[in-house]
Amino acid sequence: MNERQETIAKRLDPQANAELWGNWKWQLRNCIRSVEIFEEVLGITFSDAERAVLQTTVQRFPLSITPYYASLIDPEHYREDPVFKQAFPMPQELHVQQYDMADPLTEDDDSPVPGITHRYPDRVLFHVSNVCSMYCRHCTRKRKVGDVESVPTKQTLQEGIQYIRATPAVRDVLLSGGDPFLLSNAQLEWLLQEITAIPHVEIVRIGTRTPVVLPSRITQELVTMLKQFQPLWVNVHFNHPKELTAESAAAVAKLADAGFPLGNQSVLLAGVNDSVAIMKRLVHQLVKHRIRPYYMYQCDLSEGLAHFRTPVGKGIEIMENLIGHTSGLCVPTYVIDAPGGGGKIPILPNYILSWSTNKVVLRNYEGVITTYQEPERYQVTRSDQPWDEAMGDTQATHPVGVGRLLSDDDTAISLVPENNDRMGRRNGRG
Ligand SMILES: *Cc1c(COP(=O)(O)O)cnc(C)c1O
Ligand code: SF4
């Protein structure tokens, strides 16, 4: 416990000591949930006008900051602080712009039963908790997360499990929320037992921000319980190198030592991490702590996030400065989660400059322009070779989407929207 942490702890609870500070239940009981308590604890004073606006914001989107995460804020320069910006409301959150949406990813439309989003062929997102210890101001599920009325009941969870059981295509289940690690160990154990008992579920992934905002949650008991359910992947959510403290590093090390592969999903946020230097430092720190940068998300079009959004060009610029310049292990995939529910779309700088029938012209990260000579003869490998079956490849399926246009076994020559005027005229509707 450092000095700032001691001050914060005592202001919240005169009985507090290092042991309580390191206890996640104490941290949860003492979360900062109002503007006044935040001011008191950090020793900051807002103007009356500012406080009034902030309170309106908090009524719309809940405020909760763990004492630990609050202790990372520099009270002297809090307005520029990346932790403050992620955790503390801004009046701009109330500005809803023309293109903002309550559910930009239309997770509800792809939801066969409450709590499940089944968007991709072989994996589902399972919202198992609606609570977070710290409500990220940039949360894409702002409208739902923290809304007490929609905490899933055991019956809702059972419906989700039943859906997975009845859907053999699902080989990968992502537990998300809210934060799944805010369930009790017993609840989590029950859930994981149910899910991993389903024969076609090959892996489970847990997405959690607790190692960042509530590192004391990663107890030895939790890790020991989780170890029963390998292969289990854990995805964390670090956005700034400042978040990789000694406490966070210890929590992450426990998970890595237990053998859970760790990935990181960050969100590109204006004023927080929208710089090549910060992102580079972040990915290097992550890899040093055995966390593989997985995704860097473009900020979604959720309501009240306009002040966090950067142009897509900022993300491309960051990718341009990572790819080739640093270890491939440190490079996340930059994605835009398609508004309207199309899923994640990867975005890269252009590396292919031109193409002829036998040559591809490429450029590398330094600007070297080079050619790749295509093979003179090439025998296509057909996917229906007998050895595919012999190797037990039961998942070989006919390609869909653009993959279908590329297939020699499919007669499709175009993908055409069904609801435009031209199609309407053909069908006698227009
Ligand atoms: C992100 C996401 C997944 C998982 O996608 P991966 O690219 O496999 O990590 C699954 N379902 C939904 C709805 C998602 O948003
Ligand atoms: S931890 Fe995840 S679900 Fe919770 S508020 Fe942050 S972004 Fe949203």
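Computed from the coordinates by the stated procedures, all read-outs in this text should not be read as laboratory data. Being a predicted model, the structure only gives us computed values, none of them experimental. In this analysis, Cβ positions are derived from the backbone assuming ideal geometry, glycine residues included, and neighbour counts consider all displayed protein chains.
If I build a Gaussian network model for the chain, linking alpha-carbon pairs within less than 10 angstrom, which residue out of Q220, Q230, Q373 has the largest mean-square fluctuation?
Q373
What value, in deg cm²/dmol to 500, does the helix sum -39500 (n - 2.57) over DSSP H runs of n ≥ 4 give at 222 nm once divided by the residues of the chain? Numbers along the way, then the final one.
Working: 17 runs with 138 residues, N = 430.
Here the helix-only value at 222 nm equals -8500 deg cm²/dmol.
Please check: in the Gaussian network model of the chain (C-alpha springs, under 10 Å), which one of D108, D100, D408 has the largest mean-square fluctuation.
Judging by the Gaussian network model, the answer is D408.
Using the Karplus curve 6.51 cos²θ - 1.76 cosθ + 1.60 with θ = phi - 60°, what ³J(HN,Hα) values do you get for each residue of the range 61-71, in whole Hz, with x for Gly and Pro?
10, x, 10, 7, 10, 5, x, 4, 5, 4, 5
Could you work out how far helix 276-288 tilts from the main Cα principal axis of the chain, as a 0 to 90 degree angle to the nearest 10?
It works out to around 90 degrees.
Mind checking the dipole of the range 97-228: about its Cα centre, +1 per Lys or Arg Cβ, -1 per Asp or Glu Cβ, Debye to the nearest 20?
Details: 14 positive and 16 negative charges, 72 e Å.
For this selection, approximately 340 debye.
Can you classify the chain as rounded, prolate or oblate using the Cα gyration tensor, where a ≥ b ≥ c are the square roots of its eigenvalues, rounded means a/c under 1.5, and otherwise it's prolate if a/b beats b/c and oblate if not?
Values: a/c = 1.65, a/b = 1.51, b/c = 1.09.
Note, shape of the chain comes out prolate.
Rounding to the nearest 10 and keeping the result within 0 to 90°, find how far the Cα-based axis of helix 3-12 lies from the longest principal axis of the chain.
Helix 3-12 sits roughly 70 degrees off the main axis of the chain.
Quick one: of the DSSP bridges fully inside the range 116-346, what percent are antiparallel, nearest 5?
Working: 7 of 33 bridges.
Counting only bridges with both partners in the range 116-346, antiparallel ones make up about 20 percent.
So which trypsin sites (Lys or Arg not before Pro) in the range 262-367 pass both tests, a DSSP loop state and at most 10 other Cβ atoms within 10 Å of the Cβ?
Values: sites: K280, R281, K288, R290, R309, K314, K344, K359, R363; in loops: R290, R309.
Sites meeting the loop and neighbour criteria: none at all.
Express in whole angstrom the spacing between the alpha-carbon centres of the range 100-116 and the range 180-215.
Cα centres, the range 100-116 to the range 180-215: 21 Å.
Is the range 1-124 rounded, prolate or oblate when judged by the Cα gyration tensor, a ≥ b ≥ c being the square roots of its eigenvalues, rounded requiring a/c under 1.5 and prolate requiring a/b larger than b/c?
On the way: a/c = 2.70, a/b = 1.51, b/c = 1.78.
Oblate is the answer for the range 1-124, as a/c is 1.5 or above yet b/c matches or exceeds a/b.
If I build a Gaussian network model for the chain, linking alpha-carbon pairs within less than 10 angstrom, which residue out of D103, D172, D48 has the largest mean-square fluctuation?
It is D48.
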